[in-house]
Every structure is written in structure tokens, then in C-alpha cells.
1. With only Lys, Arg, Asp and Glu charged, each at its Cβ (+1 for the first two, -1 for the last two), find how big the charge dipole of the chain is about the Cα centre; round to the nearest 20 debye.
2. On a full-extension model of 0.36 nm per residue, what is the gain between A44 and N22, subtracting their alpha-carbon distance, rounded to one decimal in nm?
3. Nearest 10 degrees, 0 to 90: what angle lies between the long axis of helix 2-68 and the longest principal axis of the chain (Cα atoms)?
4. Over all distinct Cα pairs, what is the inverse of the mean 1/r for the chain, reported as the Kirkwood hydrodynamic radius in Å?
5. Tally Lys and Arg at +1 and Asp and Glu at -1 over the other residues with C-beta under 13 Å from the C-beta of E57: what net charge comes out?
Amino acid sequence: MLEKLLQAVRDFLFINEQLRRNTEEIKELRKRVEDLTLFNERLAFEIQRTRENEAHEREKLVLRSEKESPKPEKKFPRGSNKKQK
């Protein structure tokens, strides 16, 4: 009988220690999830900023190439040599 009681106390202490460790691990995992969430948010922001910057750069390149490209000369149709009466 005493042996069963001692085993129950050991089991209780073991389970209590496991519970404490699990609680600590859960806290650490929650912190890691929070850190990863913040990292993902910053990364998404940086990706968006990079896309916007690249779009602006492409727009500037198009404008620059339009400005620097030779313009086709406007050719006016020649008037006829017919004399008007």
C-alpha cells in the first residue's frame, strides 16, 4: 500500500515537472512565432517597397529612353506644281 502511494507521488512529481517544462516550451514557441510573424511583416513590407522602387525605375527608364530616342521627322506632303487659275 505504501509502495503504491510512493509511486503515485513520484508519478505526480514527474507529471508536474513535465507540465512545467511544457509550459516553458510553449512560452518559448509563442515568442518564436511572434518573432517570425514580425519578421514576415517586415519582409513583406520590404518586398512591396522593392516592387514599388523597381516600378519607378522602369518608368524612369522608359521616360529617359523616350526622351533620348531620335524623333521621327515630320514630313509634310509636297504641294503640287499645278498653278491655280
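Each reported figure results from applying straightforward, stated rules to the coordinates on display, with no laboratory input. Keep in mind the model is a prediction, meaning the values are calculated, not measured. Glycine also receives a Cβ, built like all others from the backbone with ideal geometry; neighbour counts cover every protein chain displayed.
1. In total the dipole reaches around 1740 debye.
2. Taking A44 through N22 to full extension adds about 4.7 nm, to one decimal.
3. 10
4. Numbers: mean 1/r = 0.0469 Å⁻¹.
Result for the chain, one decimal place: 21.3 Å.
5. Surrounding charge for E57 is +2.
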